[in-house]
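The values are calculated or read from the model by the stated rules, or taken from the named source; none is laboratory data. Since this is a predicted model, take the numbers as computed values, not measurements. Glycine gets a Cβ as well: all are built from the backbone with ideal geometry, and neighbour counts include every protein chain shown.
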Amino acid sequence: MSFNRLDQIHKLKETFDICIIGGGATGAGVALDATLRGYKVLLIEKGDFSSQTSSKSTKLVHGGVRYLEQAVRNLDWHQFRMVYKALHERKTLLQNAPHLAHPLGLLTPCYTHWERWYYRIGMWLYDKISGSTNLKSSRGLSKKEIQHEFPSIESQYLRGGVLYYDGQMNDARYALAILKEAERLGACILNYACLNSFELGQKSLKIKKVVFSDLLSQESYTIAVKAVINATGPFTDSVRVLANPRLKPRMKVSRGAHIVLPAEFWQGETALLIPKTDDGRVIFVIPWRDYVLVGTTDDPDTLSETPRILDVEKEYLISYFNRYSSKKASLEDISATFVGQRPLLQVQLDSAMNSDTKSLVRDHEVEVDGRSKLVSIMGGKWTTYRVMASDTLDVLEREVLRVAVKPCVTKNHVLVPESLVFLPADIAPDIRKHLTDLYGPKAGDVYACGSERLLADEPYLEGELIYVKEQEMAVTWEDVLARRWGISMRDEALAERLKAIKKEAFAS
Ligand SMILES: Cc1cc2nc3c(=O)[nH]c(=O)nc-3n(C[C@H](O)[C@H](O)[C@H](O)COP(=O)(O)OP(=O)(O)OC[C@H]3O[C@@H](n4cnc5c(N)ncnc54)[C@H](O)[C@@H]3O)c2cc1C
């Protein structure tokens, strides 16, 4: 069986133990963990995989320096535990798909001696909490060292800085790698399949069947399952009420906007952490696959499938970029923008209803609805997707399936084993880099599908269009441009040029 829709639709004839709703980071993690525990899994996603929050993150594999600061300031043990968990997940994430995630140096600029000490101690603590899983030790830098090593930083008034390490990932392709691995091990994974309703037992009101539509063929399916896991991120509440209309909302969304600039605005491979904006936020300036990512904001929002950046957000991010960068950018220099919605969990329901989203804890919770037995995994972040999945299945086995909890084995389960990449020795360096960065050991298979460039000056190949359709379940041009390649999230004009060459290859 291949990772294409036809093969997955054939698999729908099989019987299933668990249905997972949602094909973002969380659903993908749950699908793999459940499959490795021996369950027969069906995952349905109403759009493309990762088409919502999971492809619109800041792409950091991190514990969260800001959350550590909040934990220490407020003596908040809960927040501290969350940072600890995420810091210990970083290395696992990097090790299990090395071509999709790597260490990233981040510099925190300091403008007073007090700040130098404050951040030095903070980053030292960050390293210590990571223990043996630390990626690389942080270090203090003088103003001279920064001017020499990081010419892109505006050095007026600078007193020094602290360099520390987190990870950077290709979020959309990482989720795809998890899903492909779950499918390879026996799961049925289908995109453009929307959950419509549940069929409940007449007496118990427990979920017996899931009813969903294939949005491409309009065909409806009713499939019996033993358990359902709701992994729909910001959309969690809409699925919870399908199972039990009496459930009160638990989620609150917060919008995070990013802008992208061409690489010329930021030299080198090191990112910048702006630790405190005037309104108490954290902003990152991150070198990102030949471009520069600047973000993000954090404001309460109403749920949307297509959140768009506001002019005021663009202006805000550009103005902070210009404060810290030696090369100044204007709004016209922005090559792309994207906005994600954080699935934040309301911890104290009543008091949090009107609260500021910056103060909501980014941790997760597994809820079992006592009546329908729907299991909802809520909150969390990309970095902790694997722990979230493991916690979800432990609860499901204990409280819904009522079986002994099986061990979680995803920690050491390599998603994409490193192996030799078979590409011709004389292949153009830009094509080699493009294919190995995106497809890792499968780069040779992609190249074998067709080696013609789509545009003379770009490494995107005709063969990729065949590969992403037949082996990565891409259906529309947006699936290709925004998630399989990610180019429309970095350079909207280039994405349009690529699409124009072969418009007929995918639906628009
Ligand atoms: C701006 C921003 C920056 C972030 N940066 C980072 C970061 O740098 N590092 C980090 O670790 N975390 C980060 N996060 C957090 C992280 O991105 C999210 O926690 C994570 O992606 C959530 O994944 P998810 O699978 O729960 O939700 P989603 O990715 O939203 O997936 C839920 C899926 O459910 C599907 N769905 C909904 N309803 C149905 C239905 N009826 N039938 C079928 N499918 C359905 C949706 O289409 C969607 O694809 C960031 C978040 C935001 C918003």
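Answer yes or no as to whether L393 is assigned by TED's automatic domain parsing to the domain that holds T35, in a helix (DSSP H, G or I) and among the aliphatic types (A, V, I, L, M). Considered against the rule, which asks whether it is assigned by TED's automatic domain parsing to the domain that holds T35, in a helix (DSSP H, G or I) and among the aliphatic types (A, V, I, L, M), L393 comes out as yes. Do we find that G29 is near the ligand (Cβ under 9 Å from one of its atoms), in a helix (DSSP H, G or I) and touching a Phe, Trp or Tyr at 6+ places or on another chain (Cβ under 6 Å) in this structure? Criteria met by G29.
Residues of the stretch 365-380 that are within 10 Å of the ligand (Cβ to nearest atom) and in contact with a helix residue (DSSP H, G or I) (Cβ under 7 Å, 6 or more places away or on another chain): I377, M378, G380. Annotation: of all residues in the stretch 32-72 being part of a helix (DSSP H, G or I) and near the ligand (Cβ under 9 Å from one of its atoms), the one that is nearest to G131 (Cα to Cα) is S54.
Here the stretch 87-128 is the region considered, the condition is being assigned to a loop (DSSP other than H, G, I, E, B) and within 16 Å of the chain's Cα centre (by Cα), and the residue that is farthest from A271 (Cα to Cα) is A97.
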